[in-house]
Amino acid sequence: MTSSGGRDSTPESGSLAAGIPYGPLILTLAMQTLATMAAFSAPTLAPKIAEDLGVDGHLIGFFVSTVYGIGIFSALLSPDFIQKFGAVRVGQFVMLGVIAMLAIAGSGGLHALAFCAVVLGIGYGATAPVSTHLLIPRTKPSVLNLVFSIRQIGVPLGGVLGALILPFLAVEFGWRIAFWAQLFPAVLLLLWFQYYRNSWDAGRNQSHRLFKGELWRPLYLLRDNRLMRLLAIASFAYAGIQLCFIGFMALHLTEMTGLSLIAAGQVLALYQISGVASRPLWGWIADRYITSIRLLGVLGLVMGIAAIAAGQFSESWSIWFVLLVAIVAGATASGYTGIAYGAFAAFGGKYRTEATALGSGAMFAGVLIMPTVFGLIVGDAAQYWQAYGVMALIAAASGAWLITAKVPTETTSD
């Protein structure tokens, strides 16, 4: 079982259980959950950190931007390392970055937080390529999108766990303890990866030379494959719109509808819950009734409608209509990610790990750029409907391109 040119290893005998590879799925879900929880620790603990260090709490916002900015490069570079060292070893490197980040963050001040954001970002982008490399050879095509959608629940799950657990720890024991408390599960997962190292990394190509031609394979896919370009554009747009909803919904509702901050937070929570609940549903539908590409296109169109509706929020709106828009927006702008990664993997051919890396890079770029554009439009126009209108056009255009795209036969096996 050798690996070359970005190929994943073949399935091991007995590795499938009803088509779902429970071992790799649980392991990669845990990796994504713990990495995301670590990434959002500083923003979650920002009030306590700012109070203790005597700094502006808004500076903590740069933490997540740094993680995702560096994550773009780590996502694109990670397939090169996966070929040589194996996905399990790279997964351990991700967890080592999480461990180092948590240890540094809990032992220093503002400069340490800035440095540990860089440390975490170096490994954070590899989470999706590692997962693809481990899951694809062990997953039946009939449940591919469902499996990827379940794995992708790790992102909101990490955010929810952080929001529920970390503030309590910070109040009771201090914000540094809130960082250090995450070390135990991270170390445990790193050791758990080692249990599968010999079998799951058996197909690694130890003679592969790093930083040569294969280093640029994700960008070659972007250049040479029209479907990959369309998926990358849509992923960039959808991820950016997702963060626009998350970043501005509470502020928008308190300013334009008269809702209290608590009520606006509850609407945002419903948005997040809808995104979590819809992910496996979309995966199940994409496996049985419609291709992931077409479903992504439909979600883009509906996302555009939700954005237009959100732009019209006012005090005359019933809370029930506001909640309905939040549910639809969450199910589309937040719920799409699992089937997007499934599409990159399914249509990436023998370069599915690299295709997934391209998808991660595109999503991270959207997270960094589009909320900034949204904020500039709102700041210039002093209204939200123009910004939501631009987002709606981008989402609808991306969706229309995917609906009308020529879709080849899925190539999830070599």
log₁₀ of I(q)/I(0) at q = 0.14, 0.26 Å⁻¹ - the range 335-412, Debye sum with one point per alpha carbon: -0.60, -1.23
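Pairs of Cα atoms under 8 Å, at least six residues apart: use those to get the relative contact order of the chain, whole percent. The partial results should precede the final answer.
Working: 752 pairs, mean separation 103.7, N = 414.
Here the relative contact order equals 25 percent.
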Least to most buried among V171, V390 (fewest other Cβ within 10 Å first): V171, V390
Karplus (6.51, -1.76, 1.60) ³J(HN,Hα), θ = phi - 60°, over the range 85-98, in Hz, Gly and Pro reported as x: 9, x, 5, 5, 5, 5, x, 5, 5, 4, 5, 5, x, 4
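Number of Lys-Lys pairs in the chain under 28 Å by Cα, sequence gap 8 or more or different chains? If you can, show how the numbers build up before the last one.
On the way: K84/K140; K84/K212; K84/K350; K140/K350; K140/K406; K212/K350; K350/K406.
Taking the Cα cut-off of 28 Å, the pair count is 7.
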Cα-centre dipole for the range 97-225 with unit charges at Cβ (Lys and Arg positive, Asp and Glu negative), debye to 20: 420 debye
Per-selection Rg to Rh, the range 22-196 - Cα, Kirkwood hydrodynamic radius: 0.99
Listed residues A202, A234, G71: farthest to the positive end of the dipole of the chain (Cβ charges): A202
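Return the calculated 222 nm mean residue ellipticity for the chain, to the nearest 500 deg cm²/dmol, obtained by summing -39500 (n - 2.57) across DSSP H runs with n ≥ 4 and dividing by the residue count.
Values: 20 runs with 307 residues, N = 414.
Here the helix-only value at 222 nm equals -24500 deg cm²/dmol.
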Potential extension, L376-V118 segment - 0.36 nm per residue separation minus Cα distance: 90.2 nm
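In what sequence do F148, F173, F313, F245 fall when counting other Cβ within 10 Å, fewest first? Intermediate results must be reported in sequence, preceding the final value.
Working: F148 33, F173 12, F313 22, F245 28.
Fewest-to-most ranking of F148, F173, F313, F245: F173, F313, F245, F148.
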In sequence order, calculated HN-Hα J values of the range 327-334 (Karplus, 6.51, -1.76, 1.60; Hz; x Gly/Pro): 5, 5, 5, x, 5, 9, 5, 9
Set of the range 79-103 residues, backbone N closer than 15 Å to the point 7 Å along the Cα-Cβ line of L191: 96
Residue order, fewest to most surrounding Cβ atoms within 10 angstrom, among Y195, Y68, Y124: Y195, Y68, Y124
Added length on full extension, which subtracts the Cα-Cα distance from 0.36 nm per residue, R209 to K406: 67.4 nm
Calculated from backbone phi, Karplus (6.51, -1.76, 1.60) coupling profile of the range 380-389 in Hz, x at Gly/Pro: 6, 8, 6, 9, 9, 5, 5, 5, 5, x
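Each reported figure results from applying straightforward, stated rules to the coordinates on display, with no laboratory input. In this text, all values refer to a predicted model and were calculated from it rather than measured experimentally. Methodologically, a virtual Cβ is constructed for each residue, glycine included, from the backbone with ideal geometry; neighbour enumeration extends over all protein chains shown.
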